[in-house]
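To start, the structure under review is shown below, and the notes come after it.
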Amino acid sequence: MKFLTNKYFLFFLRFLLGIVFIFAGIEKINSPNSFFNSINNYKIFSDYISYSIVLILPWLELFIGILLIFNKYIKECLTIYMILLILFNILVFSAIIRGLNIDCGCYGNSINVKASYTKIAENFGLFFIALYLFLYYKNITMNE
Amino acid sequence: MNINYKNIILIIFISITTGLLFNFYKNNNLLGYRVNSDIENAAKSDNYQDKSKIIRLINTSEAKDFFNKNDALFIDARDSWEFSDSHILNSINIPEYNYNPNNPIIKLLDKNGIYITYCSADDCDLSRRLATKLKTNGFKNVFVYSEGFEKWIELRYPIFRK
């Protein structure tokens, strides 16, 4: 199990998490209107909450991605990362349960991913990578 | 190392400020978002600043009224292959994805006429987007039939089928 604490492997995981969030963040900043529509399609939030999400969430994702790649405030970032992923999963799951056939709005306009169990699995994958990094943060620093 | 909660709050705070600043300096963006909600709230709205951008949603019975009286032209915002498969009787097709104001069909249309855009169902926003575009190109009476083609079929209203 040596490779699990290999620093290049850990770097790769961190980089992966960072890139996913940076990409998602930039895409949403690029197309705020379509992101707004995606949120509205979930039919949960009132308009003002949706505005706030459109304004803030993409930047939060972008900053977390950048901080992860540059190895700053790792634990804090991973905490927010995991909380966000859990919230996303709750949203997607609620959409599936209510039988909504909608875009999940995860990556803005460029990639249209349906809100589906595949999406939930993908989010859980990212979640466990984040959790792993979170738990072994000490070992990472020792290794480097 | 323990989590420093101050840093979490700091990160969130920086995102909020950047988001707000970015929106502030990108001209009229928040209004841009409003256009979408105007579509939803048009019926009950009185005090919106930009009334020209308001687009009214209509339901199936209203749409059927227009259809029966032959007052309005239905515009299908979906792809051309979906349109050619089946559509509301006597409707025309203007796909939203390659909308072009210089399109000869659009140039032929009377800007004072009544137009109703629709797409497949409640959760597709092609019709709303197309209506917004038509509105910005000077069409005065554009409505969105929000429940869409699926509802129309479900109620067995007249359609064209290949």
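The values are calculated or read from the model by the stated rules, or taken from the named source; none is laboratory data. Predicted model only: the values in this text are computed from it and were never measured. Here the Cβ is made from the backbone with ideal geometry for all residues, glycine too, and neighbour counts use every protein chain on show.
Only a single criterion out of (1) at pLDDT 85 or above; (2) under 27 Å from residue A:99 (Cβ atoms) is not satisfied by residue B:158, namely (2). Taking region A:1-20 as the range and being within 12 Å of residue A:126 (Cα to Cα) and aliphatic (A, V, I, L, M) as the test, the residues that pass are A:13, A:16, A:17, A:19, A:20.
For region A:33-52, indicate whether the set of residues that are in a helix (DSSP H, G or I), in contact (Cβ under 8 Å) with a residue 40 or more places away in the chain and surrounded by fewer than 16 Cβ atoms within 10 Å (Cβ to Cβ) is non-empty. No: region A:33-52 contains no residue that is in a helix (DSSP H, G or I), in contact (Cβ under 8 Å) with a residue 40 or more places away in the chain and surrounded by fewer than 16 Cβ atoms within 10 Å (Cβ to Cβ).
Is there a residue being buried (at least 20 other Cβ atoms within 10 Å of the Cβ) and either under 20 Å from residue B:154 (Cβ atoms) or more than 19 Å from the chain's Cα centre (by Cα) (or both) anywhere in region B:104-116?
Let us first name the residues in region B:104-116 that are buried (at least 20 other Cβ atoms within 10 Å of the Cβ), namely B:115-116.
Among the residues that remain, those that are also either under 20 Å from residue B:154 (Cβ atoms) or more than 19 Å from the chain's Cα centre (by Cα) (or both) are: B:116.
So far as region B:104-116 goes, yes, one or more of its residues are buried (at least 20 other Cβ atoms within 10 Å of the Cβ) and either under 20 Å from residue B:154 (Cβ atoms) or more than 19 Å from the chain's Cα centre (by Cα) (or both).
Out of A:122, A:61, A:144, one residue alone is farther than 30 Å from residue B:24 by Cβ, acidic (Asp, Glu) and modelled with pLDDT of 90 or more. It is A:122. Among the residues making up region A:59-110, those that are in contact (Cβ under 8 Å) with a residue 60 or more places away in the chain, more than 9 Å from chain B (Cβ to nearest Cβ) and assigned to a loop (DSSP other than H, G, I, E, B) are A:104, A:105, A:106, A:107, A:108, A:109, A:110. Check region A:63-79 and report whether any residue there is within 26 Å of residue B:126 (Cα to Cα) and of a type in the set (Gly, Ala, Ser). No.
All but one of (1) farther than 20 Å from residue B:22 by Cα; (2) surrounded by 14 or more Cβ atoms within 10 Å (Cβ to Cβ); (3) touching a helix residue (DSSP H, G or I) at 6+ places or on another chain (Cβ under 6 Å) hold for residue A:20; state the number of the condition that does not hold. So residue A:20 meets the others, but not (3).
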